[in-house]
Amino acid sequence: MWRTNVRWRAGLIVLLLAATLAALTPAGPAGARNTYTINGDTITVTVRVHLKTTRGDPSRWVKAAESVFASFWGGDRVFRYSCYKVVFRLDITAQAGDSGRHTVNVVHVPPGTYYRSTVNWGRPLSDYDPTQHDAEGNWWSGASERTIAHEFGHVLGLGDEYTYEDSNGNGRRDDNERTFPDPAKAPEYEWRDTDRDGKMERGEVSLRPGEHRSLMAESRTGEILQRHIDAIVEKHVPKEKLSCWTGTIEWGSWGQLQGPGAGYRGESRGELSVTLAEDAKGYLTGTAEGAWTIEGQGYSPGCTGSDRSDFGPLRFDLKMRRSGDRIELVSVTPDQGNEVETQIDLCGIPIVFAGSHPGWGAQIYGPLTRQGEVYFYEFRQPWPSSPGVSGENWTIVVLQPTGAGDQSQLSD
Amino acid sequence: MTRGLLPGMLLALLALTGSACAGRSLSGTPVVAPQPGATPAPAASPTATPDAQVVARVRAAVEGFDPIEEATFHELNMLALERADMAATLAPYLEEPDSGRRFAAIYLLALVADTPEEIEALKVALDDPVFSYRVVAAGSLAGLGVVEALPVLVEAVGSDALLPYSEFNEPVDALAREALEAYTGQTFATAEEWRAWWERVKDTVHWDGTRYVAD
């Protein structure tokens, strides 16, 4: 009985330890290659690489790889995926024995020796999961920074987006046949069959107006595009781990005052569009953006005045927390750039709209509760009754989950 | 958060009732450039006779080479890391009518060549019917003291031919200049200057163990 009890306790401790470790470990399988974390509204994708060199001290190549990665993928760059921010980190080491990393061989060849850098997934790209499968790269030590950025794109799960000019129509690429962006893989480009021969030729493919060149189609001039980020996130993060929320916050107030020989009526109306990203702990983090209007009319002996001011765009950082069928406000932080002057002028009299967050007079005093597909909160409060004074403050908040990946157009 | 309009409006009421109206109303820069003049350093470790498995892989890689499939290029790169003596295995492919197989053999041999047998095998490619293949062979052989490689490289300077099957249409010109500058110590701006230099030195130039010198 005693032994059983000790075993049970030991088992419980092991379980607790395991649960604690699981909570601290980044998402992804044990020995995972790339990893991801979701913290607040930020997805962090970490590329884990074991770098080897065919000659010399690998540490300088570790630094070089870090530098290139920072310039193109990492550093301070923040990408977007749906309602989430996306940042990339490179965890690269030359130390052997660390399993669960992609392998990159930096290959030194003598001057004048032709070397074409490659990445191999060991399987079709469609089956490649950067969090579970090994990618193996052989990168020429003299490769340009842009080529290395392109190869990192492969490690992250992006394919090449070019085709070749089959000038002799033999159905294979010959030595002197050039590559060019493939509109079927890179929709930023379009093909116009100017000679009407039904065959896509290099000179017939051009960038669509307003579009940007793709790093995976043209390494010398291309850029990392939004659809690259979308594809990478979808390769790394299971869709069920992501949830975006959209909604609105509407608020306003009206008031009417009537005094001897003078009267005043004022209204304020505001509407914010809300976009929030949910993390694993149920925190909804994002922004509320919109506009606010105040207007009023007043009269007094010898004067009739009216004034109106429109403010916007206003932006607020918003944090909420979901717990079951309730969502509670955690914090709201006005953007420094809001710069709202909360007053209008009537007959030379400044009318001040007081508030700690200029432009947002919304009151969210309680939780949003689930009502069918949406989470809803409504507040209405008449002004205290007093002679000649009437008015009301009101706030309506509506939020609903939209999934993720369905609204990339929200991205910058 | 504000509590709304009420406080301001009460102030307004007081003001309205207590005053008169005033009426105002958003590289190509290399990571680390190859060092011109650097000593050719083909062999990181002594080449070894390949085992049967490597030989089988080499044959499969060459025979299955498809330039549009990066994985087949990758396999050639992986085989190059084996540092095994591949002359006997690759030499027959240099006579192949299939240009893809020929290229795969030249590419791999150019990467691994460091034995007399491999060098002799690769020299056959200096007469390949495809100019850019000849340049690939010459670029490697130039660093191994093969004088016959130089005129091929000189011819490539200024050429708009492409390195075979390059990913983004890299010209042979850059590779040829890199090799010539590294192994001759000469630097010329134009193709004509390189050709004039070759005409001056072609009868006397020789490899001194580290670079080409003319008497």
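One residue alone among A:Ser273, A:Ser268, A:Ser309, A:Ser219 is within 11 Å of chain B (Cβ to nearest Cβ), part of a strand (DSSP E or B) and not charged (D, E, K, R), and that residue is A:Ser268. Do we have A:Arg77 as over 28 Å from B:Asn169 (Cα atoms) and at pLDDT below 95 here? In short, yes. Within the bounds of region A:376-392, is there any residue that is open to solvent by 50 Å² or more (accessible area, probe 1.4 Å), modelled with pLDDT of 90 or more and assigned to a loop (DSSP other than H, G, I, E, B)? Taking every residue of region A:376-392 in turn, none turns out to be open to solvent by 50 Å² or more (accessible area, probe 1.4 Å), modelled with pLDDT of 90 or more and assigned to a loop (DSSP other than H, G, I, E, B).
Okay, residues lined up against (1) under 30 Å from A:Arg33 (Cα atoms); (2) within 14 Å of chain B (Cβ to nearest Cβ); (3) open to solvent by less than 10 Å² (accessible area, probe 1.4 Å):
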position	(1), (2), (3)
A:Asp160	yes, yes, no
A:Arg172	no, yes, no
A:Lys185	yes, yes, no
A:Thr194	no, no, no
A:Leu215	yes, yes, yes
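Kindly establish whether A:Ser331 is open to solvent by less than 40 Å² (accessible area, probe 1.4 Å), polar (S, T, N, Q) and in contact with a strand residue (DSSP E or B) (Cβ under 6 Å, 6 or more places away or on another chain). No, not satisfied. Is it true that A:Phe88 is more than 8 Å from chain B (Cβ to nearest Cβ), crowded, with 21+ Cβ neighbours inside 10 Å and assigned to a helix (DSSP H, G or I)? It is false that A:Phe88 is more than 8 Å from chain B (Cβ to nearest Cβ), crowded, with 21+ Cβ neighbours inside 10 Å and assigned to a helix (DSSP H, G or I). Checking region B:147-160 against the condition returns no match, with no residue being in a helix (DSSP H, G or I), open to solvent by 20 Å² or more (accessible area, probe 1.4 Å) and under 21 Å from B:Arg59 (Cβ atoms). Annotation note: Cβ proximity below 8 Å between a residue of region A:178-200 that is within 13 Å of A:Ser167 (Cα to Cα) and a residue that is open to solvent by 80 Å² or more (accessible area, probe 1.4 Å) (sequence gap 6+ or interchain) occurs for A:Arg178/A:Arg202; A:Phe180/A:Arg202; A:Met200/A:Trp191. From the list A:Thr131, A:Thr118, the lone residue that is out of contact with any Phe, Trp or Tyr (no Cβ under 6 Å at 6 or more places or on another chain) and either more than 9 Å from chain B (Cβ to nearest Cβ) or of a type outside the set (Asp, Glu) (or both) is A:Thr131.
Applying the criterion of at least 1 residues that are open to solvent by 20 Å² or more (accessible area, probe 1.4 Å) and within 11 Å of chain A (Cβ to nearest Cβ) to the helices (runs of 4 or more DSSP H) found wholly in region B:51-109 leaves B:70-80. Taking region A:312-342 on its own, how many of its residues are within 12 Å of chain B (Cβ to nearest Cβ) and in a loop (DSSP other than H, G, I, E, B)? Number of matching residues: 2.
Among the numbered conditions (1) modelled with pLDDT under 95; (2) surrounded by fewer than 23 Cβ atoms within 10 Å (Cβ to Cβ), the only one that A:Leu272 does not meet is (2). You will find that of A:Gly296, A:Gly324, A:Gly290, A:Gly312, the residue that is modelled with pLDDT under 90 and surrounded by 20 or more Cβ atoms within 10 Å (Cβ to Cβ) is A:Gly296 and no other.
Of B:Ser166, B:Ser140, all but one fail to be outside any helix (DSSP H, G or I), within 13 Å of chain A (Cβ to nearest Cβ) and open to solvent by less than 20 Å² (accessible area, probe 1.4 Å); the exception is B:Ser166.
Considering only region A:15-39, state which residues are open to solvent by less than 50 Å² (accessible area, probe 1.4 Å), within 21 Å of A:Tyr81 (Cβ to Cβ) and at pLDDT below 90. Residues satisfying the conditions are A:Ala27, A:Gly28, A:Ala32, A:Arg33. Across region A:134-158, the qualifying residues are those that are within 23 Å of the chain's Cα centre (by Cα) and assigned to a loop (DSSP other than H, G, I, E, B), and the one among them that is nearest to the other protein chains (Cβ to nearest Cβ) is A:Leu158. If the condition is being hydroxyl-bearing (Ser, Thr, Tyr) and within 30 Å of A:Leu346 (Cα to Cα), then region A:219-272 contributes A:Ser253, A:Tyr264, A:Ser268.
Within region B:169-195, the set of residues being within 8 Å of chain A (Cβ to nearest Cβ) and polar (S, T, N, Q) comprises just one member, B:Asn169. Taking the criterion of being touching a helix residue (DSSP H, G or I) at 6+ places or on another chain (Cβ under 7 Å) and surrounded by fewer than 21 Cβ atoms within 10 Å (Cβ to Cβ), the residues of region A:229-259 that qualify are A:Asp230, A:Gly259.
The values are calculated or read from the model by the stated rules, or taken from the named source; none is laboratory data. Bear in mind that the values here come from a model prediction, so they are computed numbers and not experimental data. All Cβ positions, glycine included, derive from the backbone under ideal geometry; neighbour counts span all protein chains shown. Just so you know, the surface numbers come from the protein's heavy atoms only, side chains and all, with ligands and any DNA or RNA stripped out. Shrake-Rupley method; radii C 1.70, N 1.55, O 1.52, S 1.80 Å.
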